[in-house]
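Data first, discussion second: the structure below is written as structure tokens.
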Ligand code: TYM
């Protein structure tokens, strides 16, 4: 049996190293394995849960597709499409919002973080966004969902929705997906604060490496990345007490396919500045080719639009059949 892989990325601009190491790098490996059928979705309906400038959103949708391809996803092997073009996503989200319970959504920590203190002013979409995410996954009978650690709770909610739907309607229609979250490197932290996730919404551009950054920007951001006054750690145990060192070592290990143990051993007791030179180098080697390819692809808009058009047709074909079954089960 082939694995059915589904994942999504929001087209909100500034795709960064966290998105790459936590999710997109995995997408590429899954796409390269012939035992998998992969679907990668540009989740534009999710993006409008917070304000978006329409013309920028259009560009960001294309840039997200360009990032997938520049990172190594083969559009001939995987379906790439944007969520808004397959109407079953919105329909299923409504039906599942009648299955999900307020109590379940009230527990979602990401809503609390994103809404901040003024949650009365947050959109209803931001609150119910995990239900839309469940619709994305369940429409395609996804067996595995590769995501970063911040999406773990949303995947649990997706499984709860599938289970309750099956129980309530006494069917076995919705498949419970398995999360694919890496043990290490699944939460890349801000370069300015080792306790905060690297995020596209951080107001400081110095907090993240964007996948479109130039060489000088990468070197400058690593130079300015927060560290502590000590030398490089000499044991894994030490890392737990030194979040900035842990994050930078994690980034280096992930990019150079080394274990954390080996990286710690290699740089033990050395100056941070020495380590930062090596880190900048591996980052430049990895990110610059991707960054160049994204920029090249963005000059080939018709090629990107063709990929989305073909992807939408294939996604529509799968999702429309599934929503039809869901309609019948519900009694429409
Ligand atoms: P989004 O767009 O915020 O992030 C896309 C992917 O990048 C991962 N990620 C990170 N991983 C490690 N460290 C970080 N600092 C970091 N920041 C982001 C995220 O975990 C995610 O895998 N709701 C989702 C998109 C979505 C989705 C889906 C995912 C919509 N429908 C269905 C899977 C299946 C989101 O907002 O991801």
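Note on region 188-268: enclosed helices (runs of 4 or more DSSP H) holding 1 or more residues that are crowded, with 20+ Cβ neighbours inside 10 Å and modelled with pLDDT of 95 or more are 215-224, 243-255, 260-267.
Residues are listed down the side, and each one gets a yes or a no for (1) within 20 Å of the chain's Cα centre (by Cα); (2) at pLDDT 95 or above; (3) closer than 22 Å to residue 304 by Cβ:
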residue	(1), (2), (3)
5	yes, yes, yes
9	yes, yes, yes
13	yes, no, yes
16	yes, yes, yes
28	yes, yes, yes
33	yes, yes, no
56	yes, yes, yes
79	yes, yes, yes
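Taking region 269-304, which residues are within 22 Å of residue 218 (Cα to Cα) and assigned to a loop (DSSP other than H, G, I, E, B)? 270, 271, 298 - these are the residues of region 269-304 that are within 22 Å of residue 218 (Cα to Cα) and assigned to a loop (DSSP other than H, G, I, E, B). Screening region 169-187 for residues that are within 10 Å of the ligand (Cβ to nearest atom) and part of a loop (DSSP other than H, G, I, E, B) and picking the one that is modelled with the highest pLDDT gives 177.
If you check residue 8 against the conditions, is it part of a strand (DSSP E or B), closer than 21 Å to residue 208 by Cα and within 11 Å of the ligand (Cβ to nearest atom)? Spell out how you get there, then give the answer.
Details: part of a strand (DSSP E or B): yes; closer than 21 Å to residue 208 by Cα: yes; within 11 Å of the ligand (Cβ to nearest atom): yes.
When the stated conditions are applied, residue 8 passes them.
Only one of the listed residues (45, 30, 57) is in contact with a strand residue (DSSP E or B) (Cβ under 6 Å, 6 or more places away or on another chain) and either away from the ligand (no atom under 12 Å from the Cβ) or closer than 21 Å to residue 141 by Cβ (or both). That residue is 30. The residues of region 134-153 that are in a helix (DSSP H, G or I) and crowded, with 22+ Cβ neighbours inside 10 Å, listed by number, are 134, 135, 136, 137, 138, 151.
Residues in region 192-221 that are farther than 21 Å from residue 293 by Cα and within 11 Å of the ligand (Cβ to nearest atom): 196, 197, 198, 199, 201, 202, 207. Summed over region 73-86, the residues that are assigned to a loop (DSSP other than H, G, I, E, B) and within 16 Å of the ligand (Cβ to nearest atom) give a count of 2. Would you be able to say whether some residue in region 82-93 is surrounded by 13 or more Cβ atoms within 10 Å (Cβ to Cβ), under 23 Å from residue 311 (Cα atoms) and in contact with a strand residue (DSSP E or B) (Cβ under 7 Å, 6 or more places away or on another chain)? Among the residues of region 82-93, at least one is surrounded by 13 or more Cβ atoms within 10 Å (Cβ to Cβ), under 23 Å from residue 311 (Cα atoms) and in contact with a strand residue (DSSP E or B) (Cβ under 7 Å, 6 or more places away or on another chain), which makes the answer yes. Sub-6 Å Cβ pairs linking a first residue in region 162-183 that is on the phi < 0 side of the Ramachandran plot and in contact (Cβ under 8 Å) with a residue 40 or more places away in the chain to a second residue that is buried (at least 16 other Cβ atoms within 10 Å of the Cβ) and in a loop (DSSP other than H, G, I, E, B), at least 6 apart or interchain, are 164/99; 165/99; 165/174; 177/142, ordered by first then second residue. Here is a check on your reading of the model: is residue 130 within 30 Å of residue 306 (Cα to Cα), within 10 Å of the ligand (Cβ to nearest atom) and over 15 Å from the mean Cα position of the chain (by Cα)? Taking the combined requirement at face value, the residue does not satisfy it. Figure legend. Inter-residue proximity from region 138-155: first residues under 18 Å from residue 33 (Cβ atoms) and more than 8 Å from the ligand (Cβ to nearest atom), second residues modelled with pLDDT of 95 or more and in a helix (DSSP H, G or I), beta-carbon distance below 8 Å, spacing 6+ or different chains. Indicated pairs: 140/315; 140/318; 140/319; 140/322; 144/30. When 115, 23 are checked against the criterion of being over 14 Å from the mean Cα position of the chain (by Cα) and either within 16 Å of the ligand (Cβ to nearest atom) or at pLDDT below 95 (or both), 115 stands alone in meeting it. Among the residues making up region 102-112, a single one is within 12 Å of the ligand (Cβ to nearest atom) and in a loop (DSSP other than H, G, I, E, B): 108.
The values are calculated or read from the model by the stated rules, or taken from the named source; none is laboratory data. Small disclaimer: the values here were computed from a predicted structure and weren't measured. We place every Cβ from the backbone using ideal geometry, glycine too, and count neighbours over all the protein chains shown.
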